1. Taking the chain as a Gaussian network, where each spring joins two C-alpha atoms under 10 Å apart, which residue of 277, 138, 35 fluctuates the most?
2. Name the GluC sites (Glu not before Pro) in segment 263-339 that are in a loop by DSSP and that have at most 11 other C-beta atoms within 10 Å, would you?
3. Reachable lysines from residue 274, Cα under 18 Å, same-chain residues fewer than 8 places away excluded?
4. What distance in nm separates the simple spin-label points at residue 240 and residue 277, each placed 7 Å from Cα in the Cβ direction?
5. Lys/Arg Cβ at +1, Asp/Glu Cβ at -1, dipole of segment 1-86 taken about the Cα centre: which of 41, 30, 7 is farthest positive-ward?
6. Among the trypsin sites (Lys or Arg not before Pro) in segment 1-106, which ones are in a DSSP loop with at most 12 other Cβ atoms within 10 Å of the Cβ? Mind listing them?
7. Using the Karplus curve 6.51 cos²θ - 1.76 cosθ + 1.60 with θ = phi - 60°, work out ³J(HN,Hα) for each residue of segment 32-40 in order, rounded to whole Hz, and write x for Gly and Pro.
8. Take the Cα of residue 315, step 7 Å along the line toward its Cβ, and report every residue of segment 260-289 whose backbone nitrogen sits under 12 Å from that point.
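Rule-based calculations on the coordinates, nothing more; no lab input. Small disclaimer: the values here were computed from a predicted structure and weren't measured. In this analysis, Cβ positions are derived from the backbone assuming ideal geometry, glycine residues included, and neighbour counts consider all displayed protein chains.
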Amino acid sequence: MAQNIDWGSLGFGYVPTPYNVRCTYTNKAWGELRVCDTPEITLHISSAVLHYAQECFEGMKAFRGKDGKVRIFRIEDGGRRMQDSCRGIQMPELPLEKFVEAVKKVVELNADFIPPYGTGATLYLRPYMFGSSPVIGVKPAEEYQFRILCTPVGPYFKGGVKPISVRISDRDRAAPRGTGDIKAGLNYAMSLYNIVDAHNCGFAENIYLDPETHTYIEETGGANIIFVTKDGKLVTPKSDTILPSITRRSLVSVAKDYLGMEVEERKIHKDELKDFVECGLCGTAAVISPVGKITDHDKEYVFNGGNEMGPVMTKLYDTLTGMQMGRIPAPEGWIYEIK
Ligand code: PLP
Ligand code: COI
């Protein structure tokens, strides 16, 4: 029951909500959206997803503003990226209109679970798709299930905007010319050993280097990376093996168009870490999580003193969340208002 939730102390975990929305692909066509009030899925013992991980997903959020209205951030961009992911692992694309309708529906149906303004919590939306029909040889399924669930969440990293400590990883999350640029579950399975190891070693996340030369900064297991130079430029890695983060793309626009900053999207050699004054992880779940320290084996790089979010990250954070909460007008097409 939504009334029993202590919104301010939510972490980033699954809290049950009453409704999810489903759609099935069979006989080479997507069916109608269906609303479901049970969380279970019944699957064939030989479903493609169970052997060969034919699955992709998205992450989005709905926000309750001070004005009581509910805003969903960049729905179409999530839908388009899901189509890119589908193409990458040979799944049928869900038409954009159907995706958008499903997102709106799941938010409207679970409106009681959209956290109140000012609690720091939001409603996280998780659309996903997987191959459900039976296979035994390595090939795509013939039938697919699309689902969208939602769950109220707090900050992705413990402590919210308190700077985190991360390490440069010795392992890779993606292969050169592989699937790093799509949001397929298989990329996250690749990272599980390493995230547990990072936590055991006292780090909140792993920073992956480019998988070909292991010299350029890529991203973390669940977020892109942004840096600020001494002269106030925003710098962020450009690479074919990272996920094109919608938050990062939004922050690039915010930096250029709202804060008048210079922005560079380019390769970043790991030796450049010493030249940056601020660092943050950005993503739907992470929002902007300031990085206080990066450990690269025997070297340590501290940003903005290590203990608090720097001035540029703070401005970016306030502007982005201001748009999401309806305090600041957002560019055309970024916000869908429910009521
Ligand atoms: N990189 C990875 C590997 C992610 O899982 C995510 C999360 O979605 C991101 C980056 C950030 O992407 P977005 O801002 O679209 O949520
Ligand atoms: C998101 O930010 O939406 C993601 O999917 C990242 C995940 C690690 C929670």
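1. Evaluated over the chain, the most mobile residue of the options is 138.
2. Of the GluC sites (Glu not before Pro), the ones in loops of segment 263-339 whose Cβ has at most 11 other Cβ atoms within 10 Å are 332.
3. Cross-link targets: 230, 233, 293, 299.
4. 3.6
5. Going by the charge dipole, the pick is 7.
6. Numbers: sites: 22, 28, 34, 61, 64, 66, 69, 71, 74, 80, 81, 87, 98, 104, 105; in loops: 28, 66, 69, 74.
Answer by residue number: 28, 66.
7. After applying 6.51 cos²θ - 1.76 cosθ + 1.60, I find 7, 5, 10, 8, 10, 10, 10, x, 6 Hz.
8. 260-263
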